[in-house]
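Undergrad: For reference, the structure I am asking about is given below.
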C-alpha cells in the first residue's frame, strides 16, 4: 500500500482521526495516483474509501455482519493485515471463521486463504488477482497532447497513439462518411464523442444502449471538457422527464451534444421531429452509435429500435443533403458484425475502419464442470464467499438470479442484488448508481446487465451458465479488470443431455430465428392486411399486424412482442435486398410502429415457391452465422484444455493478437505478446491536402519539400520547432523517440515510432504537412525517410530538420544533393 495511504489508515485505526476525515484525506489522493499511472495504489486507495463506506453501512445496520465480513476478507487480502476499530474486531472474533478471518495476538485482523474446493488447482491465478499484480502491458503508452486536447479538455496527453489517431480521424472525417472505430476497453472512445461536440458549433447525437450509460457519458463530458459554452449545452435525454429545454436547445442551434437511446429518437415525437428538422438545416452533423457491436444481436432478439434507427438515420442523411457523418464505436468487432453494421449504417462507397482490436490480458480463465444443479449452486455461493470482489455472477434466467439472491439472504447476506430483464427501469438506475458508487460487492445478473455504467475494479466474473455465443461470453468477461489489473473469469457449467447449459444456450439461438414458413406468413399477412396501405410496389404497414396463422386467442395477446417479430422480419428482408424500408416511425396513440417499404421484386414476392426457396437459403445462412458462435462456445465447454483460449477468441476477432493471461490450456501467460502500437489495418480516406498558408508557400515555393539545416542534433529544441510549425501552419511535428516535447503548440506531435505506424495505417491525417526532425542515426533516419515517401505521403508537404549531409541509402546521395527544394533557416521564419 502507498505509504501516505497506509499512514492515514493507521491514524484512523489509532483513533487520531475519525472515519469521515480519513475518507476525505485518502479520496483526495486519488486524482494524483491516477494521473501518475499508479493503478495498484489507486485501487488500494479506492478499497480504503469503500471500507469507510461499509463501516458506516454496518454501523447504521444497513448491511449485516455477513456483508461486512464478505467485504473485509477481500480488503485484508488486497491490502494486508491491519488493525480495525473495536466494532470490526469484535465481529471478526464472533463470526469471522467462515471467511478465514481471525484476530491475531497483537490485535491485527488477518485471513487464512481459503479456495473453493472445485478451484483448488487455480490458486496461482486467484493469488495474482488479490495481489493486483501489474503486467507489462500496464507500461505508460501515453502520447503527447495537441491543440484539441489543450483547447477543449482537461487532459494534456492522449492515453495512447491509437486514441490520438482515432480522434484526428474522427474530427477530419469528410461529410457523408461512416467511420468505424475499435479501441480496446479503457482506450478512451468517449473522448472522440466529446471532441466532436467541442470542436465545432454543430450538434453531435450519441446513441447508447441504456439510460445509465447516457447519464454516465453526460457526466464524463461535463467533467472532461473545459469550454463552458459546450459544457452547458450537453444533454442526456430519457423518458419521463420534461424535455422542453433540450428541444429548445436543438431548435435554437445551441445544443452541442445529446446522448440518448434509439427508442427515445424513434418514440418521442418532439425529439424525432426536432432532429429531422435540424438535419435538414445542417445543424446536426455527427451521429455516433456507441457500443455498436450490440446492434446486430439486440436489434434481432429484442429492442428492434437499434436496427430501426438505421432507417431513421438514412432519412436524416437524405434530408441533410448527405452532409451527416456517422461513427460506429466498439472495443472489438467480429467480421460478421462489421458487415452487418455497414449494411445498416454505412455510407455507400465511403465506409472507413480504424481498427485497434485487442484482446484483454487481465482475465485469468478458470473452468469447472458440475453434473448436478444444486451442487453447482452451492459451489457458486462458496465462490461468492471466497473469490475476489467486486463480482458479477451471470445466469441465464431472471428466476435463477432471484433464487441465488433468496438463498444468499437466507444465509444472512442483505447487500447482494439481482439485475435482470424483469428489473424495472427505476430499480435498474438505482442499482447501477449503487454499483458504480461501490455500495455493494456482488451483482447476480442476466445478460441484461452489461451495457451499463463502467466499473473499473470488478475483479471476478462467474458464469453459472453457458452463454449462447462465444462473443457474449467474451463481452461479459470484459466487464472485469477494466482498470488494467488482473481479474478472474470462472466458467462453471452444468453437464446434462437434456437440461444442461449447452442445450439451454442452443435453444436461445434457435428460437430467435424465424423459419422461412413463419417469415413468409408474416410478410404475406402484412401485404394482405386491409388496414395496411398498398400503392403499387410501396407498402405502409402497421407492425401490429397479426399473422394469419394466429388463433383468435393468440391474436388477442399478440402485443408488442408480435410487433417486434414483424420488425425483425422486415429488417431481415431489407438486409437481404427483397424490400427497401424507406420510412420508420412510432405512433404514440396506437403504440405501434409503422414502416413504409418498397417491394423490389413484386413478381418474386408473389411467387411463394421461389421466395420460400430463397428464404430457406437466407435463413440457413443466418442460422449458420448465429450458431457458429454457439459452436465455438461449446468447443470451450467440451474441450477446455485443447487450445489456448486467447487463440479461440481470435477466431471471433481476427485482427487481434491471441493474448490470454492464463487459461485451462496452459500455465502462465500466452507465448504471444501484444504489439506496442495496435493499429491493425490501413484507413482508406481519399481527402486532398488543404491549401498551404501564405507564409509556408513563401518559404517553400512550388516544392513539396523544404530543408532546415541542423548542424548539431544535441542542440535541437523540439518545442522551438513546434512553434515554427504552428507559425507555418504545418499540422504535424515528427520528433525522435529519445526526446519529448514539453510545450503544446497546437500541432499534432508524433514520435518516430508513432510516425512509422501512422504513415503505414493512417497516412491521410498527415496530409496538411509535417515538420520532420531526424537524429543522425543512419538506420533510423532512412526508415523515417522511406515512410515519408510512400503510401501517397510523398505528395504531402514536408519540412526536413536534419543535417544536409544525411545519407539517404535508396538515393545513394545526401539529402541536400538530391532533394528538390529550398533551404531555409528557421531563425528567419
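Undergrad: Taking just the C-alpha trace of the range 694-828, give me its Rg and Dmax in Å.
TA: Here Rg and the maximum Cα pair distance are 13.4, 37 Å.
Undergrad: Which three extents, in angstrom, do the Cα atoms of the chain have along their principal axes, listed largest first?
TA: 87, 83, 55
Undergrad: Something else about it: Once label points are set 7 Å from the Cα along Cα→Cβ at both residue 3 and residue 638, what is their separation, rounded to one decimal in nm?
TA: Label at residue 3, label at residue 638, 5.9 nm between them.
Undergrad: What share of all Cα pairs of the range 502-605, in percent, falls into each consecutive 5 Å distance bin?
TA: 2, 12, 22, 26, 18, 11, 6, 2, 1, 0
Undergrad: Based on DSSP H runs of at least 4 residues, each adding -39500 (n - 2.57), what is the mean residue ellipticity at 222 nm of the chain after dividing by all its residues, to the nearest 500 deg cm²/dmol?
TA: On the way: 34 runs with 361 residues, N = 829.
The helix contribution divided over the chain gives -13000 deg cm²/dmol.
Undergrad: Just to confirm my numbers, what's the Cα centroid distance between the range 757-789 and the range 352-370 in Å?
TA: 33 Å
Undergrad: How many angstrom lie between the C-alpha centres of the range 425-488 and the range 56-102?
TA: 24 Å
Undergrad: Could you pull the Cα extents of the range 3-114 along its three principal axes, largest to smallest, in whole Å?
TA: Here the Cα extents, ordered largest to smallest, are 41, 29, 27 Å.
Undergrad: So, R0 is 35 Å and r is the distance between the beta-carbons of residue 609 and residue 588; what FRET efficiency does that work out to, to 0.05?
TA: Values: r = 41 Å, r/R0 = 1.16.
It comes out at approximately 0.30.
Undergrad: Beta carbons within 10 angstrom, averaged per residue: use that to sort the peptides 718-728, 618-628, 779-789, highest first. Walk me through the numbers before you get to the answer.
TA: Numbers: 718-728: 20.1, 618-628: 15.9, 779-789: 17.9.
In descending order of packing, they fall as 718-728, 779-789, 618-628.
Undergrad: In whole percent, what relative contact order does the range 88-149 give with Cα contacts below 8 Å and a gap of six or more residues? Working shown, then result.
TA: Details: 27 pairs, mean separation 10.4, N = 62.
RCO, the range 88-149: 17 percent.
Undergrad: Pairs of Cα atoms under 8 Å, at least six residues apart: use those to get the relative contact order of the range 691-829, whole percent. Could the numbers behind the result be given before it?
TA: Values: 227 pairs, mean separation 47.2, N = 139.
Averaging sequence separation for qualifying contacts and normalising by length gives 34 percent for the range 691-829.
Undergrad: Over the chain, what relative contact order in percent results from Cα pairs under 8 Å that are six or more residues apart? Could the numbers behind the result be given before it?
TA: Working: 1454 pairs, mean separation 95.1, N = 829.
Contact order relative to length: 11 percent.
Undergrad: Suppose each label sits 7 Å from its Cα in the direction of the beta carbon; what would the residue 108-residue 673 distance come out to in nanometres?
TA: If labels sit at residue 108 and residue 673, their model points lie 3.6 nm apart.
Undergrad: Follow-up. Using 0.36 nm times the number of residues separating residue 760 and residue 714, minus their current alpha carbon distance, what extension gain do you get? The partial results should precede the final answer.
TA: Working: separation 46, 0.36 × 46 = 16.56 nm, distance 2.87 nm.
Full-extension gain reported as 13.7 nm.
Undergrad: Then there's this: Using the basic label-point model (7 angstrom from Cα toward the beta carbon), what is the residue 742 to residue 580 distance in nanometres?
TA: Roughly 6.1 nm, to one decimal.
Undergrad: Looking at the chain, what % of its DSSP beta bridges pair antiparallel, to the nearest 5? Working shown, then result.
TA: Working: 26 of 95 bridges.
Percentage antiparallel, nearest 5: 25.
Undergrad: Still on this structure: How many angstrom lie between the Cα centre of the range 256-310 and the Cα centre of the range 680-710?
TA: First find each Cα centre; the distance between them is then 39 Å.
Undergrad: Here's another thing I want to ask about it. Grab every C-alpha pair in the range 639-755, bin the distances at 10 angstrom width from 0 up to the longest one, and report whole percents.
TA: The percentages, shortest bin first, are 11, 26, 22, 16, 15, 8, 2.
Undergrad: Find how much the distance from residue 786 to residue 704 grows on full extension, using 0.36 nm per residue of separation minus their present alpha carbon separation; answer in nm with one decimal. Walk me through the intermediate numbers first.
TA: Numbers: separation 82, 0.36 × 82 = 29.52 nm, distance 1.55 nm.
Gain in length upon complete extension: 28.0 nm.
Undergrad: Shifting gears a bit: Could you calculate the FRET efficiency of residue 694 with residue 809 from 1/(1 + (r/R0)^6), where r is the beta carbon distance between them and R0 is 35 Å, rounded to 0.05? Provide the component values of the computation, followed by the final result.
TA: Working: r = 36 Å, r/R0 = 1.03.
Once rounded, the FRET efficiency stands at 0.45.
Undergrad: Let me ask something additional. How much of the calculated P(r) for the range 233-343 lies past 17 Å, in percent of all Cα pairs?
TA: On the way: 3365 of 6105 pairs.
Of all Cα-Cα pairs in the range 233-343, 55 percent lie more than 17 Å apart.
Laboratory data are not the source of any read-out in this text; all were calculated from the coordinates shown. The structure displayed is predicted, hence computed values, not measured ones. We place every Cβ from the backbone using ideal geometry, glycine too, and count neighbours over all the protein chains shown.
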